[in-house]
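Okay, structure first, notes after.
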């Protein structure tokens, strides 16, 4: 039986008519982001978990990131932190017209036991209104898309066949520089958590 959870994302940054990110929700895309920026994302889970992702983009083809999380941080449980931060590196190897191709490394555990590891990902830009994403690692692959409904509203989703997991989210921009997203994450392995995300780009 599939379990669903709502997520709320608050994103603070200057955006174009459709801003596609270096990660859809959980999985990397073929995009990197604006050079000379330092994005960070704070995620609060409904189970009291917290995670922080800090990124540096020194060039338009290179990204470094650290991801650190803990469970039962909020509430009455005993906090459990990751032993070490996860490392995220991404390098663009090709820009073919509207298609961006990257190789990367991500040491997060994406299925509970195995890290994502070395991966390749590609993203295609269709008239600044639709982005298509695909990625492949040694033990799994994923696909995703982002579709602009209006200049201030777009839908994003990702599908992970190995985990039978579908994540979808709707982003709305109430004012320039702020995006609010409402999403659903489904999983066959157990109930997913409600999420609140805050992303800031400096």
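The values are calculated or read from the model by the stated rules, or taken from the named source; none is laboratory data. All figures in this text were calculated on a predicted structure; none of them were measured in a lab. So basically every Cβ, Gly included, is an ideal-geometry build from the backbone, and we count neighbours across all protein chains shown.
Return a yes/no flag: does segment 137-144 have any residue that is without any contact (Cβ under 8 Å) to a residue 40 or more places away in the chain, surrounded by fewer than 20 Cβ atoms within 10 Å (Cβ to Cβ), touching a strand residue (DSSP E or B) at 6+ places or on another chain (Cβ under 6 Å) and part of a strand (DSSP E or B). Taking every residue of segment 137-144 in turn, at least one turns out to be without any contact (Cβ under 8 Å) to a residue 40 or more places away in the chain, surrounded by fewer than 20 Cβ atoms within 10 Å (Cβ to Cβ), touching a strand residue (DSSP E or B) at 6+ places or on another chain (Cβ under 6 Å) and part of a strand (DSSP E or B). Scanning segment 108-119 for residues that are within 12 Å of residue 137 (Cα to Cα) and in a strand (DSSP E or B) yields a count of 5. Selection of segment 83-104 for residues being farther than 27 Å from residue 128 by Cα and either modelled with pLDDT of 95 or more or surrounded by 13 or more Cβ atoms within 10 Å (Cβ to Cβ) (or both) yields 85, 86, 87. Does segment 185-193 include one or more residues that are in contact (Cβ under 8 Å) with a residue 12 or more places away in the chain, within 21 Å of residue 33 (Cβ to Cβ), surrounded by 14 or more Cβ atoms within 10 Å (Cβ to Cβ) and within 14 Å of the chain's Cα centre (by Cα)? So far as segment 185-193 goes, no, none of its residues is in contact (Cβ under 8 Å) with a residue 12 or more places away in the chain, within 21 Å of residue 33 (Cβ to Cβ), surrounded by 14 or more Cβ atoms within 10 Å (Cβ to Cβ) and within 14 Å of the chain's Cα centre (by Cα).
So that you can scan it fast, the table gives a plain yes or no per residue for (1) surrounded by 14 or more Cβ atoms within 10 Å (Cβ to Cβ); (2) under 22 Å from residue 135 (Cβ atoms):
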position: 33; (1), (2): yes, yes
position: 48; (1), (2): yes, no
position: 53; (1), (2): yes, yes
position: 56; (1), (2): yes, yes
position: 71; (1), (2): yes, no
position: 75; (1), (2): no, no
position: 81; (1), (2): no, no
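Out of all the residues in segment 7-15, is one or more surrounded by fewer than 18 Cβ atoms within 10 Å (Cβ to Cβ), more than 30 Å from residue 95 (Cα to Cα) and either in contact with a strand residue (DSSP E or B) (Cβ under 7 Å, 6 or more places away or on another chain) or modelled with pLDDT of 90 or more (or both)? Looking through segment 7-15, at least one residue is surrounded by fewer than 18 Cβ atoms within 10 Å (Cβ to Cβ), more than 30 Å from residue 95 (Cα to Cα) and either in contact with a strand residue (DSSP E or B) (Cβ under 7 Å, 6 or more places away or on another chain) or modelled with pLDDT of 90 or more (or both). Suppose we filter 87, 103 for residues that are assigned to a strand (DSSP E or B), over 18 Å from residue 142 (Cβ atoms) and in contact with a strand residue (DSSP E or B) (Cβ under 8 Å, 6 or more places away or on another chain); which single one remains? So the residue among 87, 103 that is assigned to a strand (DSSP E or B), over 18 Å from residue 142 (Cβ atoms) and in contact with a strand residue (DSSP E or B) (Cβ under 8 Å, 6 or more places away or on another chain) is 87. Each residue in segment 155-197 was checked for being touching a strand residue (DSSP E or B) at 6+ places or on another chain (Cβ under 7 Å) and at pLDDT below 85, and 26 of them qualify. What single numbered condition from (1) assigned to a strand (DSSP E or B); (2) modelled with pLDDT under 95; (3) closer than 24 Å to residue 187 by Cα fails to hold for residue 133? Of the numbered conditions (1) assigned to a strand (DSSP E or B); (2) modelled with pLDDT under 95; (3) closer than 24 Å to residue 187 by Cα, the odd one out for residue 133 is (2).
Within segment 145-163, being touching a residue at least 60 places away in the same chain (Cβ under 8 Å) and outside any strand (DSSP E or B) holds for one residue alone: 151. In segment 38-74, of all residues being in contact (Cβ under 8 Å) with a residue 60 or more places away in the chain and not in a strand (DSSP E or B), the one that is farthest from the chain's Cα centre (by Cα) corresponds to 47.
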